[in-house]
Amino acid sequence: MTHATRVTAPRGGSTTETRILVMVGAPGAGKGTQSQRLAARLGLPSVSTGDLFRAALRDDSPLGRSVRPYIERGSLVPDEITVQVIADRLTQPDAAAGIILDGFPRTRAQAAALDELCAERRMSVLAALYIDVELEELVARLGGRQVCGAPESHSFHPRGNPPRVAGRCDVDGTALHEREDDKPATVRARLREQLAPMYEVVDHYNGTGALCTIAGDQPIDEVTRELVRAVERRSARA
Ligand code: AMP
């Protein structure tokens, strides 16, 4: 990767509008890995609600205590908690030019809440990038996934995305471990509970015209290339 693609400002409009990229995909589709790659390419922060919740769990903050039961059983955290976390995050200065949302919205109600936040502030959803991966492939990927201890949890898998040194993160060298909610019983619960609302989110952005679908069963670099191309197309059209 040799150059950074810029998310261009809206044509004829103010340069201060926040352009939001939404990553949509089932657990295991590669949202986290791809949004970190997109963040580097586009020069935008990538924010994962899962990472924000895991940090709150580690700190045992009031937010952590309220979300713990949902995360431990693989359920979605209630919309009002999740929307508030994102609303707060969007006000931070590093989000002024744009932001990549990894794992939000995850329900139709969250998508509608994000539309409302956009209407109230100078923000718009430039693209909803849907990484489409078949169910059997998701199950295979979640079993065996390994993440590091960094707040943004870099993720690896023996199939397709192995670390250069076994058991060590390529990015920061910390030890890799299996996520508690990647254990087989929780994986099945997460997929069972999270797929139906995800399809509603896909449907929502299909309706608004922001949806870009990318086949997620390709090599990682190809998925990144297609995502960048999709953002460039949307950016040129906006
Ligand atoms: P992730 O790292 O994206 O797989 O998220 C880990 C867990 O955090 C999920 O299984 C949910 O329990 C919770 N979570 C993350 N994002 C959301 C969201 N947008 N809405 C509700 N729960 C979420």
Hey, how much of the P(r) for the range 78-122 falls beyond 14 Å, as a percent of Cα pairs? 46
Proportion of all alpha-carbon pairs of the range 58-147 beyond 21 Å (%): 45
Whole-number D in µm² s⁻¹ for the range 88-202, Kirkwood Cα-pair radius fed into Stokes-Einstein, 20 °C, 1.002 mPa s: 130
CD proxy, 222 nm, the chain: helix-only mean residue ellipticity via -39,500 (n - 2.57) per DSSP H run with n ≥ 4, per residue, nearest 500, stands at -15000 deg cm²/dmol
Mind checking the per residue accessible area of the chain for me, 1.4 Å probe, whole number of Å²? 48
Given 20 °C and 1.002 mPa s, compute D for the range 150-238 with the Stokes-Einstein relation, Rh being the Kirkwood radius over Cα pairs; round to the nearest whole µm²/s. 133
Within the range 52-93, name every residue whose backbone N is under 13 Å away from a label modeled 7 Å from Cα of GLU180 along the Cβ vector. 53-61, 64-75
Carbon and sulfur together cover what percent of the accessible area of the chain at a 1.4 Å probe radius? 53
Return the single residue from PRO219, PRO163, PRO45 with maximal mean-square fluctuation; model: Gaussian network over the chain, springs between Cα atoms under 10 Å. PRO219
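Take the eigenvalues of the Cα gyration tensor for the chain, scale each by 5, and report the square roots as semi-axes in whole Å, largest first.
Equivalent ellipsoid of the chain: 26, 21, 18 Å, largest first.
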Per the chain, cysteines lacking a partner by the 4.7 Å Cβ criterion: CYS118, CYS212
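The values are calculated or read from the model by the stated rules, or taken from the named source; none is laboratory data. Being a predicted model, the structure only gives us computed values, none of them experimental. With ideal geometry, Cβ positions are generated from the backbone for all residues, glycine too; neighbour counts draw on all protein chains shown. Keep in mind that these areas ignore ligands, DNA and RNA; they rest on the heavy atoms of the full protein, side chains included. Shrake-Rupley method; radii C 1.70, N 1.55, O 1.52, S 1.80 Å.
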